[in-house]
Amino acid sequence: MSDNPYSTAVLAWYESNARDLPWRAPDATPWSILVSEIMLQQTPVVRVLPAWRAWMERWPTPAHLAGEASGEAVRMWNRLGYPRRALRLHACAVAITEEHGGRVPDDHATLLSLPGIGAYTAAAVASFAYGQRHAILDTNVRRVLARAETGVQYPPKTQTKAETALAEALLPPTAPVAARWGVAVMELGALVCTARTPACASCPIAGQCAWRLAGKPAYDGPPRRGQTYEGTDRQVRGRLLAVLRDSAHPVAKDALDAVWDDRVQRERALDALVSDGLVDPLDDGRYALPS
DNA sequence: GAGGCGTGGTA
DNA sequence: TTACCAAGCCT
């Protein structure tokens, strides 16, 4: 009976309100769950769904992906955004195939050592795929805990030790319940305790929410500046990579030059793409996705 | 540890 | 329209 004060209500809410997502299906493999977690990093579920289905159809196991060029992963990634994730997922598949017998590791530390897998994703895979007991602390959970426990509208900009400690303190004692709790709190943050207009009337823990009980005081910290995009190197990188993605063959420099006027910025972006391993400069002067 | 890294939907 | 937001990771 050392479960946290919210667990019963949140778990019951999840039972009847969880979305029917394919990576939550009983037959979802650890690999399919890992793929979903990488795709979901900073990307909404509705955009991940079709990409995930296509990816799993083409590469149902790590070995399938590891057998292809990394550029094919980048091409398949299409417009999901942050294409370095595709490169890292390919590198993950290679490492899993060559160093882990083709099986997604179930050990948190080993998962953490794989490319593109940080604290959140390692905990998510260990918990969602293998039913282990780990604190799940993503943007949704951080927001729920900020409101319910700390009594503020938004969590701090960067994750703190206090948040980690809180998430661990709230973790139910047994592994199966803890795993259920993690996905349930995330879902609550995604569907009810949302960033802009939380649906407190539908919240199973509204009666225990410190922020609501305090009258929902407005956020009073420094402005949380969103990232601009127009005119940034990120936009240029996106345009350059799109040219390569949409071409079945290597492209001439002219084709890349055409997508951005500012030569200095364009060259800087292209150099960065090459440096990141997303673009391969060929000996004949043309450019291609990596092999 | 602050900043860089894509893309598109919504208010 | 502009600004914010979306299951983070890496340097």
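The values are calculated or read from the model by the stated rules, or taken from the named source; none is laboratory data. This is a predicted model, so every value here is computed, not measured. Note that each Cβ is placed from the backbone with ideal geometry, even for glycine, and that neighbours are counted across all protein chains shown. To get the accessible areas, we keep the full protein, side chains included, count just its heavy atoms, and leave off ligands, DNA and RNA. Shrake-Rupley method; radii C 1.70, N 1.55, O 1.52, S 1.80 Å.
Worth pointing out:
- Ordering A:32-39, A:256-263 by mean Cβ neighbour count within 10 Å, with the highest value first, yields A:32-39, A:256-263.
- Of the peptides A:64-73, A:166-175, the ranking by mean beta-carbon count within 10 Å, highest at the top, reads A:64-73, A:166-175.
- For the range A:93-201, the relative contact order works out to 25 percent when only alpha carbon pairs closer than 8 Å and six or more residues apart are counted.
- In the elastic network of chain A, a GNM with C-alpha springs shorter than 10 Å, the most mobile of A:Gln153, A:Gln208, A:Gln132 is A:Gln208.
- Share of carbon and sulfur in the accessible area of chain A stands at 53%, probe radius 1.4 Å.
- Proximal charge balance of A:Ala122 [Cβ under 13 Å; K/R count +1, D/E count -1]: -4
- Residue-normalised accessible area of the range A:29-128, expressed per residue, 1.4 Å probe, Å²: 42
- The sum of -39500 (n - 2.57) across all DSSP H runs of n ≥ 4, divided by the residue count of chain A, sets its helix-only mean residue ellipticity at 222 nm to -15000 deg cm²/dmol.
- Cβ-based net charge around A:Ala9, under 15 Å, with every Lys or Arg adding one and every Asp or Glu removing one: -1
- Positive end of the dipole of chain A (Cβ unit charges, origin at the Cα centre): among A:Val264, A:Ala66, A:Gly231, the Cα lying farthest that way belongs to A:Gly231.
- Of the DSSP H helices in chain A, not one has a Cα length along its own long axis of 30 Å or more together with a mean Kyte-Doolittle hydropathy reaching 1.6.
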